[in-house]
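In what follows, a structure is listed as structure tokens, so that the remarks can point back to it.
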Amino acid sequence: MEKVKIQSLDKNYSANIFVKRPEKYRELKEISDRYEKMIPMGSCSSYVPASFCNDNLSILMTKFNKIIEFDKVNKTITVEAGIKISELLQFTLKNKLWIPQIPGYPSITLGGIVATNAHGKSSAFHGTIRQQIKEILIYHKTHGWLNLSKDENKKIFDLTIGGFGLTGTIVQVKLKLEDFIGYNFKTSLIKTNSLIDTINNFNEENKEVYQYSWNRSDNITNLGKGFIFKNEINSIENSSVDTRGLYHDTNKLESNFKFNLWNNFTIKFSQFLYYNFHLQKKNKIFFENFKKIIFPFSGKEMYFKMFGRNGLIESQIIVPAKKINQIIDEIEFNLKKELPEITLLSIKKIKGECNYLRFENDGFCITFDFVRNKKSLNFMENLDSICQNNQLIPSIIKDSRLRLNTIKICYNAYDQFKKDLNEFDNRRIYRSQLSDILEL
Amino acid sequence: MTYMIVGASSGLGKDLAHEFASNNKNLILISRDKTDLEYLKSDIILKHKVDVKILPADLSSIDDVENFLRSNEKTFNSLDGLLFPIALMTEKDKVLASSLESKKIIYSNFYSITLLINNTLSINKNKKNITIVGFGSISASIGRHVNTFYSAAKNALETYFESLIITTLNENIKVQFYTLGYLDTGLSFEKKLILPKGSTKKLAKIVFSNLNISGGKFYFPFWWKPISLAINILPFSIVKLIVKRFN
Ligand SMILES: Cc1cc2nc3c(=O)[nH]c(=O)nc-3n(C[C@H](O)[C@H](O)[C@H](O)COP(=O)(O)OP(=O)(O)OC[C@H]3O[C@@H](n4cnc5c(N)ncnc54)[C@H](O)[C@@H]3O)c2cc1C
């Protein structure tokens, strides 16, 4: 078998790996039984090296994409884990149903979503994918086929959701679906003048409204100026989303330009345009199609390409509401000190309960994208200290630069996860570059 | 209308099943992998709302094929077409492959297919319209040190389909044969190949749109046609050197 060279989306890690793409249940078993070390792979679009490891086998699951059972009355669906999220939505939306915890790119697979406990734009309302999962079928080299749910193999069920593929290959997932009565989204904007102003303008909504901000980061005087976007499902009875627009055949995130094109000038220019374009829309209600809201990065792959060969750094942290003002102050202080080049700064609310290595908690979720350079790395070091001192939760699946020490301090249940995983699989068969970093 | 797809559980077979179902054709799906067939059946019914019947059978075993034919006689009566996107390749397929190994490869890729066609045509007493589609391989153009029996079987299949085309020229039977180059399937997935792989989804669309053509031979991806022609024109002594260079 020939090796393939592969890179994490943030370009921080690359590896030469073996890849097998089973298409049948028999093949998956044969492959898993034949190799010593392996890791399941979805669409391999993670920022971090979670689905590969140098010289090891990655089991590419994209051909496991069938819908196995659908119960419209009880609103459940069982699907194979390699299905792209856009393919799954194409089917459920025709039946006016969906799962709301959707990461921002259409070729991401359900297996990748479950294994990273992903969330979507509605994280304040719906929490993470964990809320929708009823049952999982995995294949594990030594344990064979295992059904997991709250009633059967509960511990492995919990380890698997947000377990980074380390408990074996997720083959099928049974999901609880939610209603989606509507055709598109009704969007409105609130203009904000600073990061604190942004925080203060997030409303407690009792209806289903998705709120997230876009904030300027191009210079210190503009820092935090921006908008809170509010998306509400445009509830038109007897209408459903035009699912043809969701068709997504190829993952266009793979290649980058040779050189980094994000610099002070291009960041300033693009943020100036974006800000002024949206300024016209403030105080207006407008309609946006499903794909644009739910998959904001689809069609905007140029954004990633522009980081060039060195790639980007993404950081996402959850800050509890009671600490948010203090943390914003500390972040602003460090931004002014280090002046990193930030291409994206966004805030949304999230709800949940952090257990094991799952990225979820009640609070504000702050996302930054940086150009990979010394200034950004210095700022990130400071951000790590802020996380450690305040027990904030940094996202493991977004930031490949995170140190083990930070993770151990911020994730209370790190040791428990490690212990339970080793109890389940003492040979530690399923491993990735990420699990090596995490010393799992 | 009902079409039987032999080798339906993965690769081209799976895409053909979806393409035909999306065009409202009912399906009978055959493969040795019962679990995969059951899941494929659910998937197709949920997505396309057509009738799907599944019949597990292992074409590498003549006993299995004969049993299958005996117990499913009626099924063949109702067919409007048969497609054979089946390919069995093994790592042990070399000149010195065991008799068991070579038999399996020859049965799956050639002999069992002829038995199914024979059965269909003999039952078709009313001379109704039937379409039969076979899939060969570019590897049949020349002998090789790997996939030896596979390429020999595919070569035999091509000759058999040519005979079928010629025999059925004046009948209601439409026969098509596709010679396939590299396709993006599990068989070629991990191989680095010198030419790009063709999409099985695209091929499935082409096969469906060509269903009414009588006696057609096609290449997919199309660039394999001149390559195949060149292999046939060039003297073996030269072809031998080229093959050696790329193997
Ligand atoms: C543009 C973009 C936007 C994003 N937006 C969001 C967002 O809004 N919210 C969010 O939470 N995340 C977001 N993400 C992160 C993304 O959801 C995760 O990185 C996700 O895991 C990627 O899925 P994948 O199919 O590419 O899996 P991979 O990257 O291939 O794998 C990711 C992890 O999942 C495991 N895995 C994959 N398939 C299986 C399987 N079948 N069985 C067991 N384990 C498996 C792998 O082993 C690995 O640990 C975003 C990523 C991108 C690139």
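The values are calculated or read from the model by the stated rules, or taken from the named source; none is laboratory data. This structure is a prediction, so every number in the text was calculated from the model and none was measured. Cβ coordinates were reconstructed from backbone atoms using ideal geometry, including for glycine residues, and neighbour counts include every protein chain displayed.
Determine, yes or no, whether A:K63 is more than 9 Å from the ligand (Cβ to nearest atom) and either under 19 Å from A:T169 (Cα atoms) or within 13 Å of chain B (Cβ to nearest Cβ) (or both). Answer is yes for this residue. Give me the residue from the stretch A:33-51 that is more than 8 Å from the ligand (Cβ to nearest atom) and either in contact with a Ser or Thr (Cβ under 7 Å, 6 or more places away or on another chain) or not in a loop (DSSP other than H, G, I, E, B) (or both) and, out of that set, farthest from the other protein chains (Cβ to nearest Cβ). In this case the residue turns out to be A:P49. Regarding A:P22, is this residue more than 10 Å from chain B (Cβ to nearest Cβ) and either at pLDDT 95 or above or crowded, with 23+ Cβ neighbours inside 10 Å (or both)? Criteria not met by A:P22.
Would you be able to say whether some residue in the stretch B:132-139 is in a helix (DSSP H, G or I) and without any contact (Cβ under 8 Å) to a residue 60 or more places away in the chain? So far as the stretch B:132-139 goes, yes, one or more of its residues are in a helix (DSSP H, G or I) and without any contact (Cβ under 8 Å) to a residue 60 or more places away in the chain. For B:F208, state whether it is surrounded by fewer than 20 Cβ atoms within 10 Å (Cβ to Cβ) and under 30 Å from B:S60 (Cα atoms). Answer is yes for this residue. With respect to the conditions (1) crowded, with 17+ Cβ neighbours inside 10 Å; (2) at pLDDT below 95; (3) not small (G, A, S), B:P196 falls short on a single one, namely (1).
Screening the stretch A:241-314 for helices (runs of 4 or more DSSP H) wholly inside it with 2 or more residues that are of a type outside the set (A, V, I, L, M) and more than 16 Å from the ligand (Cβ to nearest atom) returns the ranges A:264-279. Please go through the stretch B:36-52 and pick out each residue that is within 7 Å of another protein chain (Cβ to nearest Cβ) and acidic (D, E). Matches in the stretch B:36-52: B:D36, B:D43.
Taking the criterion of being away from the ligand (no atom under 16 Å from the Cβ), among the polar types (S, T, N, Q) and more than 24 Å from A:P22 (Cα to Cα), would at least one residue in the stretch A:178-185 satisfy it? Yes, because at least one residue in the stretch A:178-185 is away from the ligand (no atom under 16 Å from the Cβ), among the polar types (S, T, N, Q) and more than 24 Å from A:P22 (Cα to Cα).
Does A:L9 count as surrounded by 18 or more Cβ atoms within 10 Å (Cβ to Cβ), near the ligand (Cβ under 8 Å from one of its atoms) and either closer than 24 Å to A:L402 by Cβ or touching a residue at least 60 places away in the same chain (Cβ under 8 Å) (or both)? So A:L9 passes the test. Residues in the stretch B:24-35 that are part of a helix (DSSP H, G or I) and within 7 Å of chain A (Cβ to nearest Cβ): B:T35 only.
Flag not set for A:I199, criterion: among the aliphatic types (A, V, I, L, M), more than 25 Å from A:Q433 (Cα to Cα) and either assigned to a strand (DSSP E or B) or touching a Pro at 6+ places or on another chain (Cβ under 9 Å) (or both).
Under the condition of being more than 10 Å from chain B (Cβ to nearest Cβ), in contact (Cβ under 8 Å) with a residue 24 or more places away in the chain and not polar (S, T, N, Q), the residues counted in the stretch A:66-81 number 3.
Restricting B:K154, B:K174, B:K192 to those that are within 14 Å of another protein chain (Cβ to nearest Cβ) and not hydroxyl-bearing (S, T, Y) reduces the list to B:K192.
Scanning the stretch A:1-18 for residues that are within 14 Å of chain B (Cβ to nearest Cβ) and within 23 Å of the chain's Cα centre (by Cα) gives a single hit, A:I6.
Filtering the stretch A:172-207 to residues that are surrounded by fewer than 21 Cβ atoms within 10 Å (Cβ to Cβ) and of a type in the set (V, I, T) leaves A:I181, A:T187, A:I190, A:I196. All told, B:L183 falls short of being within 21 Å of B:G11 (Cβ to Cβ), exposed (fewer than 14 other Cβ atoms within 10 Å of the Cβ) and hydrophobic (A, V, I, L, M, F, W, C).
Scanning the stretch A:68-81 turns up no residue that is within 26 Å of A:Q7 (Cα to Cα) and in contact with an Asp or Glu (Cβ under 8 Å, 6 or more places away or on another chain).
For the stretch B:34-72, a residue qualifies if it is hydroxyl-bearing (S, T, Y) and in contact with a strand residue (DSSP E or B) (Cβ under 8 Å, 6 or more places away or on another chain), and the qualifying residues are B:Y39, B:S42.
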